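The values are calculated or read from the model by the stated rules, or taken from the named source; none is laboratory data. These numbers were taken from a predicted model, which means no experiment stands behind them. All Cβ positions, even for glycine, are placed from backbone atoms using ideal geometry, and neighbour counts span all protein chains on display. Protein only, heavy atoms only, side chains kept; ligands, DNA and RNA dropped before computing areas. Shrake-Rupley method; radii C 1.70, N 1.55, O 1.52, S 1.80 Å.
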Amino acid sequence: MIAPVLGTPDAKDIHSFAQPQVARVTHVALDLAADFKAKRIGGTATLDIQAAPGAREVVLDNKGLAIARVTDQQGQDLPYTEGDADPVLGSPLTVSLNGAKRIVITYQSAPEAAALQWLSPEQTAGKKYPFLFSQGQAILNRTWIPTQDSPGIRQTWEARIVVPQPLRAVMSGEDLTPKGEEAKGGRAYRFRMNQPVAPYLIAIAVGDLAFRDLGPRSGVYAEPATIDAAAREFGDTERMITAAEELYGPYRWGRYDMIVLPPSFPFGGMENPRLTFLTPTLLAGDKSLVDTVAHELAHSWSGNLVTNATWSDFWLNEGFTTYFTSRIMEKLYGKEATDRQIALGWDDLQSTMKDEGGPASPKTVLHINLEGVDPDEGMTDIAYEKGAALLRTLEQAVGRERWDAYLRSYFDRHAFQPMTAQLFLADLRKNLLKGDVALEQKLRLDDWVYKPGIPANVAPPPAQAFAAVDQATKAYAAGGAVSAVPFANWSTSERLRFINALPRKLPAERLAELDRSFRLSASTNSEVLFAWLKLAIENRYDPAVPALERFLGSMGRRKFVAPLFDALVAQGEWGRPIATRIYGKTRPLYHSVTSGTVDKALAKT
C-alpha cells in the first residue's frame, strides 16, 4: 500500500527538507545494531523511492547522522551531499538517484541523538540492565533514521535489530521473532509494518522486558519489577478497544500492546502503532489514570489512521483524540465521571489561553503558524482542548447520532492518509453540512480553525460536574474546617478540582493542615501530587520541597517537570536556587524532550 502525498500549499511541511512531489520514500528497511557502550545505533537503511519522471535526486532529513556510504541496490556508490545544518531541522541529505529505485544508506546515529535515550542500569526499575527507547514525535526520528521525516509522507517499514543478550527489542510493528534469533553480537529481532504510517511513529525500545497478555489482542510489556502492577492497572484495555470499535469502526492494526517505560519517558503516552509507549506515572494502583490509555488507543483512529499532514494541524491528531477519549470513557465509566474529565480539560484550556497571552494571541489558533520554530512548541493544550471543544460543538449542533455517523465515515474515507485543516473542513461541508447555509453560519467553522480564542458558540462544559466539590472548596477557602472536606471519598478528578480551585495564596498553617489531613506530599497519584506541589511552590511552602525534589528526581514526564521548574523560577530569590540545585541532579535523568524545555525555562532572566 502506497499512501498519497497531498500536493496543496497547506500540506507543504516547513519542518522537512523533503520534496515528495519530486521523489518520495515509500518503504524503509532497517538493519541495525544497538551499541550501548558507544550509545549509537547503526547499520543500514534501505529506502524504496518513488520518483517523478526525470527526477534525478531524492532529499531526505538528517540530524547528526554519521553517513558512511550510499549505494544503489546493486552496491554501486551514489553521490550524496549534506546541506547546511539548521539547529531545529538538521540538514538535507540529497542523494543522486542515477536511475535507482532503491537506495542503501550505511550510517550511525550520534551519541546525543535527540530521539534516543540510553539509560544506565541505575536509571531503570530493575537496576540490572541498561535500557534504550526512542521518541520520534515531532521531528526527532531523523536523528536515528535517514528518511523523509514528515507526517505527510507515510511509509511502510521493516526492521532487523541486533541487541546484546539478555535484552529484548520491541518496536511499533508486527513482531516476527518474539524470542529473537541468534546473531553476531547478541540476538536479532525482526519487525514489519505493512500499513503506511507517518515516520514519527517508528519506535523502538530495548531492555529487560517481561510480557503479560491482557486479552486476545492486547498485552503489556514492562520491566519484571513493574510488570505485575502494569497488568493490574491496564486490565480494562480490551474493553476499551471494543468500546472504541463500537463508536468509530474496526481497529485496523492487529494487536494493541503497550510498554511501560522507565520513568524518564517524557510523555504520558505515545501512540506508536501496535505498541503504545506509557509512563510509569500512570501506575496509581487504582486505575484512576487509565484515561491516558484510552487517549493513546483513540489515536489508532485519529492520528495514526488519519494523520496531520503538517505540524501546523497538530490539532487534527490531538483535538479529535481528546474528544474520542471522552466518548470511550463515557461508554466504560459513565457520563458523570466523563463530564468531570471534560470540565477539567476546559479548566486546562482557560489556563493555557492565559499562559499563551490571552484569547487574542495567535498561539490560540488551531491551525497554528509554526514558521521558524520547533513544532514541539506548538504542542499545547490549545490543540487538545480547543480541538475537542470544536468537536463537542459539532456534536451538539447536529446531534450525536448524525455526528457519529459522519465521524466514522471520515475515518473510513481517509484511512492511512494525511489530512489538513482545509481538507477536513471541505470534507465536513460536503458530508455533514451538505449545503445547509443556516448550519454553516451557526457553526462558524473558519473562526474556530483560523482565528484566535474560543468562539461564543462553543458547547459549554458540563456546568454541574463539580458542584459538590466547588461548594466544599468555597467553604474551606472561607475558613471552614478541613474535616468537612470529603477528600477521601472523592475521585481523582474531584481531588484535582479541589486543589486547583483553592486560593493561590494560603497561610502556611492551612497548607500544613491540608498536607497532614490528606497526605498530599506522600500521594502515589502523580496528578494529585503535581497539583499539590504547584500550590505549595506558589506559596513558597518549604515543608513541601523534599517531596518536590523526590518527585522531580523520580520521573521525567514533561507535563509535570516543566511546569514545576517554571513555577520555581517564577518565585525568584526563593524558587530559582531550589530549581538550579534540583536540576543539577535531575537533568541527566531526563529525555532531551524534557531537558530541552527546562533548559529554556532556567535560561530566562
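For this structure, a couple of remarks:
- Output for segment 49-76, where each listed residue is open to solvent by 30 Å² or more (accessible area, probe 1.4 Å) and of a type in the set (Asp, Glu): 57
- Selected residue [in contact (Cβ under 8 Å) with a residue 60 or more places away in the chain, over 19 Å from the mean Cα position of the chain (by Cα) and buried (at least 23 other Cβ atoms within 10 Å of the Cβ)] from 156, 147, 124: 147
- Checking each residue in segment 320-354 for being among the acidic types (Asp, Glu), more than 19 Å from residue 458 (Cα to Cα) and in contact (Cβ under 8 Å) with a residue 24 or more places away in the chain picks out only 336.
- Residue 562 being in a helix (DSSP H, G or I), of a type outside the set (Lys, Arg), in contact with a Phe, Trp or Tyr (Cβ under 7 Å, 6 or more places away or on another chain) and within 26 Å of residue 115 (Cβ to Cβ): no
- Counted residues, segment 413-442 - those being more than 24 Å from the chain's Cα centre (by Cα) and either open to solvent by 60 Å² or more (accessible area, probe 1.4 Å) or over 27 Å from residue 304 (Cα atoms) (or both): 12
- Residue satisfying all of: in segment 94-104; among the polar types (S, T, N, Q) and at negative phi; surrounded by the fewest Cβ atoms within 10 Å (Cβ to Cβ) among these: 96
- Test: residue in segment 238-258 that is in contact (Cβ under 8 Å) with a residue 40 or more places away in the chain and over 22 Å from residue 303 (Cα atoms): no
- With a requirement of 1 or more residues that are among the acidic types (Asp, Glu) and under 29 Å from residue 283 (Cα atoms), the strands (runs of 3 or more DSSP E) lying completely within segment 126-230 that satisfy it span 210-215.
- Of the residues making up segment 576-605, those that are open to solvent by 50 Å² or more (accessible area, probe 1.4 Å) and not in a helix (DSSP H, G or I) number 2.
- Residue count for segment 105-114, restricted to those that are assigned to a loop (DSSP other than H, G, I, E, B) and either open to solvent by less than 30 Å² (accessible area, probe 1.4 Å) or closer than 22 Å to residue 71 by Cα (or both): 4.
Results for (1) among the charged types (D, E, K, R); (2) part of a loop (DSSP other than H, G, I, E, B); (3) more than 20 Å from residue 418 (Cα to Cα), shown as yes or no for each residue.
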residue	(1), (2), (3)
7	no, yes, no
19	no, yes, no
37	yes, yes, yes
41	no, no, yes
44	no, no, yes
50	no, no, no
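- Count of residues meeting criterion [out of contact with any helix residue (DSSP H, G or I) (no Cβ under 6 Å at 6 or more places or on another chain), open to solvent by less than 40 Å² (accessible area, probe 1.4 Å) and outside any helix (DSSP H, G or I)] in segment 458-492: 3
- Looking at 302, 288, just one residue is modelled with pLDDT under 95 and either more than 30 Å from residue 422 (Cβ to Cβ) or open to solvent by less than 10 Å² (accessible area, probe 1.4 Å) (or both), and that residue is 288.
- Top-ranked residue in segment 77-93 [being open to solvent by 40 Å² or more (accessible area, probe 1.4 Å) and in a strand (DSSP E or B); ranked as farthest from residue 143 (Cα to Cα)]: 77
Table: residues versus (1) modelled with pLDDT of 95 or more; (2) under 30 Å from residue 143 (Cβ atoms); (3) open to solvent by 10 Å² or more (accessible area, probe 1.4 Å).
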residue: 175; (1), (2), (3): yes, yes, yes
residue: 181; (1), (2), (3): yes, yes, yes
residue: 191; (1), (2), (3): yes, yes, no
residue: 194; (1), (2), (3): yes, yes, yes
residue: 200; (1), (2), (3): yes, yes, no
residue: 203; (1), (2), (3): yes, yes, no
residue: 211; (1), (2), (3): yes, yes, yes
residue: 232; (1), (2), (3): yes, no, yes
